[in-house]
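Reviewing the structure listed below.
The values are calculated or read from the model by the stated rules, or taken from the named source; none is laboratory data. Note that this is a predicted model, so its numbers are computed, not measured. Neighbour counts are summed over all protein chains in view; Cβ atoms, including those assigned to glycine, are modelled from backbone coordinates with ideal geometry.
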Amino acid sequence: MKILLDVMGGDNAPDANIKGAINAVNKVKAEIVLIGKEEIIRDKIKKFTGKETKEISDRLTIKNATESIEMEETPTVAIKHKKDSSMVVGFNMLKQDEGDVFISAGNSGALLTGATLIVGRIKGIDRPALAGILPAYKSQLLLIDSGSNTNCKPINLLQFAQMASIYLRNTFGIENPTIGLLNIGTEETKGNELTKEAYKLLKEKSEELNINFVGNVEGRDAFSGKIDAIVTDGFTGNVFLKATEGLGKFVKRTLTESLTKNILSKIAAIPAMPAIKRFSKTMDYKSYGGALFLGVKKPVVKAHGSSDEILFEYTIIQAEKFVENKAVEKMIQECSQKNNEKNK
């Protein structure tokens, strides 16, 4: 297995990307291919480890790419014109079976465009979507779309729900995952035109597409542990995602400051430290890795734009599991089966 990593994408590139790969290489069985400017990558590896690339592991290799796509670039233009960018090179390697999964923390729009134009969509899916994993009460929550499609139609949200159901069944072993529509109220009549029409469509098609649709879900109920996935457009989903991450950081920081404020609070905190560490681990979004692009023919993973070396390490480990679980193959198989049944 080969994991393709875009070394030039993300706010902390290339340092965090390279360090994450170095940390992960002995925790995965796969070969990790670092895609980017070869001279820079070799110099950085030597600086961080004091060793040459081949001395670290024979499963850590480099693929030269002379260009990079910046965050502010127009996605379609960048993908079409920067043929030797780390992102386009990675997509082409994935398409040509020179890798099994591609990871990037770069421009989200360019990643979606490249995944769609170069790798290709699964038949029956109009728009691929980012499926991010968040912590929930004694469980986890799948958020789709978490940032790739800012403007959606009701049919897109229906397909997001279909993909989420297939993904959760096959990858996480949840036999009948509960799918909710993110909204400002639980009533059927609540929301804007998109959510109202999407609600009707989900209610009408859920049995046909094997979706366990449980209706509208408010943001405050999303983490109850009763919902396995929430469906929304990419704009709302990304706001929800970033607000959740910000709240988690706020809670951890406030709790830490309260427990270390003075000598008495430090002493009082000692018996509770195991529970505090468990809570901290649960709230740490880094341990959940990146988000898989559901709806494309090969595994593409979007790492957080602000990923540090720890998050890249987790994302690489997670990407190997995506490939081992055959998440995309099972998605293609089920979507194809549903399309055949529909056309009969």
Taking the stretch 160-209 as the search range and keeping residues that are among the small types (Gly, Ala, Ser) and under 19 Å from Thr236 (Cα atoms), which one is surrounded by the fewest Cβ atoms within 10 Å (Cβ to Cβ)? Gly185
When residues of the stretch 31-59 are filtered for being more than 22 Å from Val88 (Cβ to Cβ) and either of a type in the set (Ser, Thr, Tyr) or touching a strand residue (DSSP E or B) at 6+ places or on another chain (Cβ under 7 Å) (or both), how many remain? 4
Within the stretch 34-83, which helices (runs of 4 or more DSSP H) (wholly inside it) include 2 or more residues that are under 24 Å from the mean Cα position of the chain (by Cα)? 75-81
Contacts under 9 angstrom Cβ, first residue in the stretch 248-275 being closer than 21 Å to Ala136 by Cβ and without any contact (Cβ under 8 Å) to a residue 12 or more places away in the chain, partner assigned to a helix (DSSP H, G or I) and among the aliphatic types (A, V, I, L, M), 6 or more apart: Lys249/Met283
Positions within the stretch 107-131 being within 23 Å of Met1 (Cα to Cα), not aliphatic (A, V, I, L, M) and not in a helix (DSSP H, G or I), in sequence order: Gly120, Arg121
Here is a list: Ala30, Ala21. Which entry is surrounded by 19 or more Cβ atoms within 10 Å (Cβ to Cβ), within 21 Å of Gln96 (Cα to Cα) and in contact with a helix residue (DSSP H, G or I) (Cβ under 9 Å, 6 or more places away or on another chain)? Ala30
Here the qualifying pairs (Cβ atoms under 9 Å; residues six or more apart or on different chains; first in the stretch 155-174 and free of Cβ contacts under 8 Å to residues at least 12 places away in the same chain; second assigned to a helix (DSSP H, G or I)) come out as Arg169/Lys330; Arg169/Glu334
Selected residue [modelled with pLDDT under 95 and over 18 Å from Thr66 (Cα atoms)] from Lys51, Lys2: Lys51
Can you pull out every residue in the stretch 228-282 that is surrounded by 15 or more Cβ atoms within 10 Å (Cβ to Cβ) and outside any helix (DSSP H, G or I)? Asp228, Ala229, Ile230, Val231, Thr232, Asp233
If only one of Gly215, Gly147, Gly225 is among the small types (Gly, Ala, Ser), part of a loop (DSSP other than H, G, I, E, B), at positive phi and surrounded by fewer than 18 Cβ atoms within 10 Å (Cβ to Cβ), which one is it? Gly225
